[in-house]
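In what follows, a single structure is set out as C-alpha cells and then discussed.
The values are calculated or read from the model by the stated rules, or taken from the named source; none is laboratory data. None of the values given here were measured: they were computed from a predicted structure. Note that we place each Cβ from the backbone using ideal geometry, even for glycine, and neighbour counts take in every protein chain shown. Side chains are part of the model used for accessible areas, which takes the heavy atoms of the whole protein and leaves out ligands, DNA and RNA. Shrake-Rupley method; radii C 1.70, N 1.55, O 1.52, S 1.80 Å.
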Amino acid sequence: MVEFGAAAGLPSWAAARSGARRVVATDQYTSEGFRALEMSAEANGTRGCSVRAAAHSWGEGVGEVTGGRPFDVAIASDCLYNPDGHRPLLESASACLRDGGIFLVGYSLHGNVPAEAVEAFFGAAEARGFRVDGGFGIQHDVQNAAKWSGVEGRGNVYIKRLVKEPTAT
C-alpha cells in the first residue's frame with residue numbers, strides 16, 4: 001500500500017498493523033515534517049511488513065516510491081481541496097498502482113473552491129483510466145461545522161473507491 005499526502009501517516013500505520021506486507025507513506029519533503037513521518041514509520045513497523053516513509057511530490061517520478069514493484073492499494077486522504085493538485089496526484093497514483101489496483105480517496109469540502117471543482121477529480125480520474133467504482137459519505141456534526149465555517153456540508157467526509165483499469169497493450 002502507498003499513501004499520498006500522508007502527513008502523520010495514520011492510514012499507513014493502520015494498514016501495516018492490519019496485515020499489509022509493504023507500506024510506503026509519502027509526503028512532500030520538509031525537514032521537520034518529513035522527519036516526523038520517518039520517525040512514525042520506524043515506530044509503527046511490524047513483523048512481516050516493510051514500512052517506510054518516502055519524500056514524493058505528486059507528478060514526479062515514482063521509482064523511489066515503488067522500488068520497481070507496483071502497489072495493490074493507494075490511499076489519499078484530504079488531498080482534493082486544491083484542484084491544481086488533481087492531475088499530478090492522478091499521475092502518481094496511476095504510476096504506482098498495478099492494473100486492477102484500488103485507489104481509496106477520502107475528502108471533504110473546505111469551501112476554498114466550489115464543490116464541483118473538488119469533485120472534478122473523479123472525471124479526471126476516469127479520463128486517466130480509473131473506474132470510479134463507488135463511494136459513500138459520512139455526515140458529521142462536528143460542532144456544527146457548517147455554521148462556524150460557512151461551508152454547507154463542511155463536517156461531511158466522503159470516500160470513493162477507484163480501480164485502475166488495465167492498460168491497453
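Couple of notes before you dig in:
- Sole exception among (1) in contact with a helix residue (DSSP H, G or I) (Cβ under 7 Å, 6 or more places away or on another chain); (2) outside any loop (DSSP other than H, G, I, E, B); (3) open to solvent by less than 40 Å² (accessible area, probe 1.4 Å) for Ser12, by number: (1)
- Cβ-Cβ under 9 Å pairs, at least 6 apart or on other chains, region 103-124 side more than 22 Å from Glu165 (Cβ to Cβ) and touching a residue at least 24 places away in the same chain (Cβ under 8 Å), far side β-branched (Val, Ile, Thr) and assigned to a strand (DSSP E or B): Ser108/Val157
- Being on the phi < 0 side of the Ramachandran plot and open to solvent by 40 Å² or more (accessible area, probe 1.4 Å) is a property that does not hold for Gly48.
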